[in-house]
Amino acid sequence: MPQARTLAGRGAVTIASVGGGAIRGEVTVRGRTFRVAIDVPLWRRGEVTVVRKILSSVGAQDRRIAAGEFPDAIVADLQHKGISVAVEIADSAATCGCTSRRRPCVHHLAVLYCLAQRIDEEPALAVTLRERRAAPPRSSRSGSIDRILLTEMDAASYFGD
């Protein structure tokens, strides 16, 4: 797990798509790129109806919903209704182009770390992942342009004399 976390943190992971029960990504290690495909169970039609109803009713009073936020109260309400937002790793199916015998492999875990970061930044993505319709592709290199590593900053010039 530490190696997977390091790969995700260093920008070695690119998530190509998330949605419709599928995560597709690539992990580049020492010049080699491994394609990773992870499939998670979709919500059943009745579960999607309940999720949409809750989001709609809460969204009428809370503008954060329209902005893609996903307050903890909604997750608690869904869990109370027996609907899980997160998926256990054992309930997902993953393929990777590596030759590792360990399952899940480090590349699979690195993609999951990167996915967790994306969901933290855009919580509505957790819903998109479990619904049938897929999200439009969006570039997601874990070292994206809107983020600057502290090691890339010159403290003297940043803070001045």
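Okay, here's what the table says:
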read-out: Test for V85: is it in contact with a helix residue (DSSP H, G or I) (Cβ under 7 Å, 6 or more places away or on another chain) and surrounded by 12 or more Cβ atoms within 10 Å (Cβ to Cβ); value: yes
read-out: Any pair with Cβ under 7 angstrom, 6 or more apart, that starts in region 105-127 at a residue that is over 17 Å from R5 (Cβ atoms) and ends at one that is among the basic types (K, R) and modelled with pLDDT under 95; value: L125/R118
read-out: Boolean, S100 is under 14 Å from L129 (Cβ atoms) and either among the polar types (S, T, N, Q) or in a strand (DSSP E or B) (or both); value: no
read-out: Check on I65, touching a strand residue (DSSP E or B) at 6+ places or on another chain (Cβ under 7 Å) and surrounded by 18 or more Cβ atoms within 10 Å (Cβ to Cβ); value: no
read-out: Qualifying residues in region 1-28 (those that are surrounded by fewer than 19 Cβ atoms within 10 Å (Cβ to Cβ), hydrophobic (A, V, I, L, M, F, W, C) and under 14 Å from the mean Cα position of the chain (by Cα)) - the one farthest from V87 (Cα to Cα); value: A16
read-out: Pick from region 88-103, criterion in contact with a helix residue (DSSP H, G or I) (Cβ under 9 Å, 6 or more places away or on another chain) and without any contact (Cβ under 8 Å) to a residue 24 or more places away in the chain, ranking: surrounded by the most Cβ atoms within 10 Å (Cβ to Cβ); value: I89
read-out: Criterion violated by A135 - all others in (1) closer than 17 Å to D39 by Cβ; (2) modelled with pLDDT of 85 or more; (3) not charged (D, E, K, R) satisfied; value: (2)
read-out: A73 being at pLDDT 90 or above, out of contact with any strand residue (DSSP E or B) (no Cβ under 8 Å at 6 or more places or on another chain) and among the aliphatic types (A, V, I, L, M); value: no
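Matching residues to (1) over 20 Å from G21 (Cβ atoms); (2) out of contact with any Asp or Glu (no Cβ under 7 Å at 6 or more places or on another chain); (3) small (G, A, S); (4) outside the structural domain of A16 (by TED's automatic domain parsing):
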{"position": "V48", "(1), (2), (3), (4)": "no, no, no, yes"}
{"position": "V51", "(1), (2), (3), (4)": "no, yes, no, yes"}
{"position": "G59", "(1), (2), (3), (4)": "yes, yes, yes, yes"}
{"position": "V75", "(1), (2), (3), (4)": "no, yes, no, yes"}
{"position": "A126", "(1), (2), (3), (4)": "no, yes, yes, no"}
{"position": "L129", "(1), (2), (3), (4)": "no, yes, no, no"}
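The values are calculated or read from the model by the stated rules, or taken from the named source; none is laboratory data. Not measured: the values here are computed from a predicted model. No Cβ is skipped: glycine too gets one built from the backbone with ideal geometry, and neighbour counts run over all protein chains shown.
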